[in-house]
Amino acid sequence: MNSPLYNIYKTYDQNFDLGPIGLKKLKKPIFKKIKPRYSFLGFPINLPFGIPAGPLLNSRFIKAAFDFGFDVVCYKTQRSVPFASNLYPNVLFVNTNGPLTMEKASKTLLGETESDKKPKDYSITNSFGNPSKGPQMWQEDMKKAISYAKKGQLLVASVVGTIQKGFSDEDYYDDFAHTAELAAKANASIIELNLSCPNVANEGVICYSPNAVEAICKKTRKKIGKRKLLIKIGYFTKNQNSLLEKIISKISPFIDGISAINTIAAPIVDENGNQALPGPSRLKSGVCGAAIKWAGIDMVKRLAGIRKKLKKDFAIIGVGGVMTPEDYFEYRKAGADLVQSATGAMWNPYLTHEIYKMETNNPAV
Ligand SMILES: Cc1cc2nc3c(=O)[nH]c(=O)nc-3n(C[C@H](O)[C@H](O)[C@H](O)COP(=O)(O)O)c2cc1C
């Protein structure tokens, strides 16, 4: 089944130009007497729920997400230079046979264009390579996107550094900070550093390198002043818990929150056992949706434990496999200050409305 938010049978550029295609045909949910009853990083919000960096490609997608009641939404990760998307297809269904353990992720998984599962059980792989139309385009569009936020709604700008010809490590870290500054100039009051994209050629997953993460956060803080700074990280195994703790103690003076998790990378093949997605460096791509919920919940619990142990005060954003209202409540119970859903929201734009209905004494629905 296709996603009404991001049409998986069209290219990234077609989605960018025409989307959100399927949402136009759907009725917007009705929220009565809605008012901000929560706070996130000091901003009043209606519900600590939204959509992470990914399916919302530009201001039209952001507007639609706000209209459907997603309150804290991320503008898809942007760069300081124009950068083309990976080749189509960018999304395939993946059959993981239940939770995607790290063991399963080390072996090949079958990627398919259709799934016979129910949308709430979907797991997919997504592989875009962080495309960007370049700051001239996205800065203007981001300003527009921010203007669409209604009372109790917030936009988060996600950014990533780009390795360019002749760049040293230091130049690369500077580019993260520079791109964050571009987002600040586009009026973003919350900026998220994407330190965890698993499928970007040459750039690698930087969130596991303490010195790099520290340098990037420090440089970015200098550039964005008092604006709120989040980092988005991948899954750290239990064996990597002391690494996670070390990174957090290094960066906590510079950041306001940690978003976890991004996708879990695995080799994706077609029915003949060949690489499923076309192009170099695309055998492995990130898996998200129902199969990774266990990992997101586990990280939120461990982040909450580390926050308590180190007596720090950063927000925790829980992401990964939030497909139903029950998943939202499970993340909140695990310690998430904010919960976000990408795959779940792609196939169920009524997710916020359904959460409201499950909240006791909620006057909004
Ligand atoms: C279509 C799609 C595009 C994505 N693009 C980005 C991105 O640009 N930046 C980023 O940090 N994460 C990106 N992600 C990862 C999500 O933000 C999220 O961390 C991951 O999908 C796990 O959440 P989920 O299980 O709710 O999908 C993307 C995910 C999807 C489904």
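The values are calculated or read from the model by the stated rules, or taken from the named source; none is laboratory data. Everything numeric here is computed off the predicted structure, so don't read it as measured data. Cβ placement follows ideal geometry from the backbone for every residue including glycine, while neighbour counts extend to all protein chains displayed. Only protein heavy atoms, including side chains, enter the accessible area calculation; ligands, DNA and RNA are left aside. Shrake-Rupley method; radii C 1.70, N 1.55, O 1.52, S 1.80 Å.
Of all residues assigned to the range 285-304, at least one qualifies as being without any contact (Cβ under 8 Å) to a residue 40 or more places away in the chain, β-branched (Val, Ile, Thr) and within 16 Å of the ligand (Cβ to nearest atom). Please tell me if Gly50 is touching a strand residue (DSSP E or B) at 6+ places or on another chain (Cβ under 7 Å) and within 26 Å of Lys120 (Cβ to Cβ). Spelling it out, Gly50 is indeed touching a strand residue (DSSP E or B) at 6+ places or on another chain (Cβ under 7 Å) and within 26 Å of Lys120 (Cβ to Cβ).
Taken as a whole, the structure leaves Lys223 outside the set of residues that are out of contact with any helix residue (DSSP H, G or I) (no Cβ under 7 Å at 6 or more places or on another chain), open to solvent by 60 Å² or more (accessible area, probe 1.4 Å) and in contact (Cβ under 8 Å) with a residue 40 or more places away in the chain.
Here's the yes/no breakdown for (1) small (Gly, Ala, Ser); (2) buried (at least 16 other Cβ atoms within 10 Å of the Cβ); (3) within 16 Å of the ligand (Cβ to nearest atom):
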{"residue": "Gln139", "(1), (2), (3)": "no, yes, no"}
{"residue": "Lys151", "(1), (2), (3)": "no, no, no"}
{"residue": "Ser189", "(1), (2), (3)": "yes, yes, no"}
{"residue": "Leu193", "(1), (2), (3)": "no, yes, yes"}
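Restricting the range 26-63 to residues that are of a type in the set (Gly, Ala, Ser) and within 15 Å of the ligand (Cβ to nearest atom), the residue that is nearest to the chain's Cα centre (by Cα) is Ala53. For the range 331-363, a residue qualifies if it is over 22 Å from Val156 (Cβ atoms) and either modelled with pLDDT under 95 or of a type in the set (S, T, N, Q) (or both), and the qualifying residues are Lys357, Met358, Glu359, Thr360, Asn361, Asn362, Pro363. Taking Ser242 as the residue in question, decide whether it is within 16 Å of the ligand (Cβ to nearest atom) and either closer than 30 Å to Lys107 by Cβ or surrounded by fewer than 22 Cβ atoms within 10 Å (Cβ to Cβ) (or both). So Ser242 fails the test.
Here are Asn7, Asn15, Asn2: which of them is among the polar types (S, T, N, Q), surrounded by fewer than 20 Cβ atoms within 10 Å (Cβ to Cβ), under 19 Å from the mean Cα position of the chain (by Cα) and closer than 30 Å to Ser127 by Cβ? Can you show your working first?
Numbers: Asn15 fails: surrounded by fewer than 20 Cβ atoms within 10 Å (Cβ to Cβ); Asn2 fails: under 19 Å from the mean Cα position of the chain (by Cα).
Answer to the selection: Asn7.
Checking the conditions here, which among Ala336, Ala364 is part of a loop (DSSP other than H, G, I, E, B), small (Gly, Ala, Ser), open to solvent by less than 20 Å² (accessible area, probe 1.4 Å) and away from the ligand (no atom under 14 Å from the Cβ)? Break it down stepwise before answering.
Working: Ala336 fails: away from the ligand (no atom under 14 Å from the Cβ).
Within the list Ala336, Ala364, the selection yields Ala364.
Exactly one condition in (1) more than 10 Å from the ligand (Cβ to nearest atom); (2) buried (at least 16 other Cβ atoms within 10 Å of the Cβ); (3) farther than 19 Å from Leu41 by Cβ is not met by Lys309; state its number. Lys309 satisfies all of (1) more than 10 Å from the ligand (Cβ to nearest atom); (2) buried (at least 16 other Cβ atoms within 10 Å of the Cβ); (3) farther than 19 Å from Leu41 by Cβ except (2).
Only one of the listed residues (Gly42, Gly98, Gly54) is open to solvent by 10 Å² or more (accessible area, probe 1.4 Å) and under 24 Å from Tyr9 (Cβ atoms). That residue is Gly54.
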